[in-house]
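FYI, it's all coordinate maths here, none of it is from the lab. This one's a predicted model, so the numbers in the text were calculated from it and none came from an experiment. All Cβ positions, glycine included, derive from the backbone under ideal geometry; neighbour counts span all protein chains shown.
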Amino acid sequence: MATLSAEAKAAYEDVRADATATNWLLLEYESDKSDNIVLAGTGSGGLAEVKTKLDDNKAAYGFVRVVVGNDELSQRVKFLFFVWCGSGVKVMRKAKLSIHTANVKQVIQVFSVEVPASTQEDLSESEVISLIKKSMGANYDGQGTK
C-alpha cells in the first residue's frame, strides 16, 4: 500500500482552491524502492509546465486545473488526473502502479478525466481539452456558424 505525504494532500486542496494561482501538482515516489508518494512540485503554468517536470525513468501522478468553455461567458473549471509511466520505469514499479493509483485516488478524488500517459504526446493539450469537453455532456461549439 502506498502512503501519501501531508504536503501532497495540502497541494491537492491548493490546486482545487479558486483563490490561488496554483493549477497543477505532481506526485512521485520518494525513491525507487519506496512506496511513499511525495509532492514533487506545484506551479501555475498549467499542463504545459507540469509536462516539463515528467521524467521517463519515473512513475508519477499529476493533477491539473483546466479552464474550458465554448466562449468567454461559459468558462468552467475542470480537473485532469493523469498517471505517468515513463518508458524507463522498472518492471516492479509498473506492476504496482495500478494498485497505488487507487491509493492516490483516496486523496485526489475530484476530477473530470483520467489519462494514462507514457509519452508527452499522451498529454497533448488539445487532446486533453477535447476529452474534458466530451466529459461535460452537451457541447455547443460551432453553433450558429456556417
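Building the convex hull from the alpha-carbon atoms of the stretch 1-136 and averaging its projection over directions returns 7.8 nm². Residue by residue, the stretch 31-41 carries 3J(HN,Hα) couplings of 7, 4, 9, 9, 9, 7, 9, 10, 6, 9, x Hz when phi is fed to the Karplus relation 6.51 cos²θ - 1.76 cosθ + 1.60 (θ = phi - 60°); x denotes Gly or Pro.
Can you spot the lysines whose alpha carbon is less than 18 Å from K94's alpha carbon? Ignore those fewer than 8 places along the same chain. The reachable lysines, counting only those whose Cα sits under 18 Å from K94, are K33, K58, K105. Between the helical axis of 125-135 and the longest alpha-carbon principal axis of the chain there is an angle of about 70 degrees. Given R0 = 22 Å, the distance between the Cβ atoms of S126 and E49 translates into a calculated FRET efficiency of 0.85. Exposed loop sites, defined as GluC sites (Glu not before Pro) outside DSSP H, G, I, E and B with at most 16 other Cβ atoms within 10 Å, are absent from the longest region of the chain, namely 73-146. Using C-alpha pairs under 8 Å with a sequence gap of at least 6, the mean separation divided by the residue count of the chain gives a relative contact order of 20 percent. Once the Cα atoms are used to define both axes, helix 6-16 deviates from the longest principal axis of the chain by about 10 degrees. A simple spin-label model places the labels of S31 and R76 4.5 nm from each other, with each point 7 Å out along Cα-to-Cβ. For the stretch 49-125, the spread of Cα coordinates along the three principal axes comes to 47, 26, 15 Å, biggest extent given first. Nearest 5 is fine: what % of DSSP beta bridges in the chain come out antiparallel, could you say? Among the beta bridges of the chain, antiparallel pairing accounts for roughly 75 percent.
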